[in-house]
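In what follows, a single structure is set out as structure tokens and then discussed.
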Amino acid sequence: MDIVMQQVLPLPLKDKLLKKPSDVWNTSRVFRQGKWIKIKAPSGTGKTTLVHMLYRLRQDYEGRISWGDQLLTSITAAELASLRQQKISIVFQDLRLFPHLTVHENIELKRVLQTPYYSNEMIDEMAEELGITHILHQRAGLCSYGEQQRVAIIRSLMQPFEWLIMDEPFSHLDRANTAKAVALIARECGKRKAGLVITDLDEDQHFAYTDELTL
């Protein structure tokens, strides 16, 4: 499934964004399935707004966004839920964990929303790989932000997906933990032949990006 953007501009930022060049806003852009795309996004240029639009959490924009041949503004709630469960996974900048559930429960909820892609044992394997085994049965709200980022990354990998969208997923991770997370994400995206859209403030060499764009 490709993601297609046609002359998209977020209405709250329209006047500001029209004054500056962008590789994404107000252009025709196709994100091809299987491509790994880095979007460098200076503060105030709509990075999180873009992520929310691509996931259809926001519709306050002009232009068109499509998942495959389906226009986002036209799909039904049932279709949207199914596509989110099967085609598109996401790591939000604010993570959106359930603070009163344990880390394991947060991840398990995502695993069982559809026919499970992985067995329950994979939670333990990924947790060990990212160094968070010791917090699996701790309430998520008591974890550090860096621990919560690793939880959100594992949670996003529990479901089937053709696209993984990530909004500043490593902002609170040190170099060593970032490297572990990058290796896990790259392996999972490669295994599924999935596309990756990742936003951040600066350039990086975390992945072998096929496209590097400035918002």
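The values are calculated or read from the model by the stated rules, or taken from the named source; none is laboratory data. These numbers were taken from a predicted model, which means no experiment stands behind them. We place every Cβ from the backbone using ideal geometry, glycine too, and count neighbours over all the protein chains shown. Keep in mind that these areas ignore ligands, DNA and RNA; they rest on the heavy atoms of the full protein, side chains included. Shrake-Rupley method; radii C 1.70, N 1.55, O 1.52, S 1.80 Å.
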Hey, can you grab everything whose amide H is under 5 Å from the amide H of LEU201? Only 5+ residues off in sequence or another chain; H modelled, so Pro and N-termini drop out. ALA41
Given Cβ point charges of +1 (Lys, Arg) and -1 (Asp, Glu) and nothing else, what value in debye, to the nearest 20, does the dipole of the chain about its Cα centre take? 500
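Provide the packing ranking of 104-112, 159-167, 187-195, i.e. peptides ordered by the mean count of other C-beta atoms within 10 Å per residue, highest first.
Values: 104-112: 18.2, 159-167: 22.6, 187-195: 16.2.
Final packing ranking: 159-167, 104-112, 187-195.
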J(HN,Hα) series, region 149-161, from Karplus relation 6.51 cos²θ - 1.76 cosθ + 1.60, nearest Hz, glycine and proline x: 4, 5, 4, 5, 5, 4, 4, 5, 8, 6, 9, x, 7
In order through region 118-133: 3J(HN,Hα) via Karplus (6.51 cos²θ - 1.76 cosθ + 1.60), integer Hz, x for Gly, Pro: 10, 6, 4, 4, 5, 4, 5, 5, 5, 4, 5, 4, 9, x, 10, 4
Given H placed 1.01 Å from N in the peptide plane, which residues other than close sequence neighbours of ILE90 have an amide H under 5 Å from its amide H? ILE165
Surface per residue (accessible, 1.4 Å probe) for the chain, Å²: 46
Enumerate the amide H contacts of THR102 below 5 Å, restricted to partners 5 or more residues apart or on another chain; note that Pro and chain-start residues carry no placed amide H. ALA140
So, with a 1.4 angstrom probe, what is the percent of accessible area on region 167-215 that is carbon and sulfur? 48
Which ³J(HN,Hα) values in Hz, rounded to whole numbers, follow from the phi angles of region 25-41 under the Karplus curve 6.51 cos²θ - 1.76 cosθ + 1.60, where θ = phi - 60° and Gly and Pro get x? 5, 6, 10, 9, 9, 10, 8, 7, 4, x, 7, 10, 10, 9, 10, 7, 9
Taking the chain, the lysine pairs whose C-alpha atoms sit under 18 Å apart (8 or more places apart or on different chains) add up to 16
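Quick one: net charge of TYR209's neighbours, Cβ under 12 Å, K/R +1, D/E -1? List each step's numbers first, then the result.
Values: positive: LYS35, LYS38, LYS40; negative: ASP200, GLU203, ASP204, ASP211, GLU212.
Net local charge, TYR209 excluded: -2.
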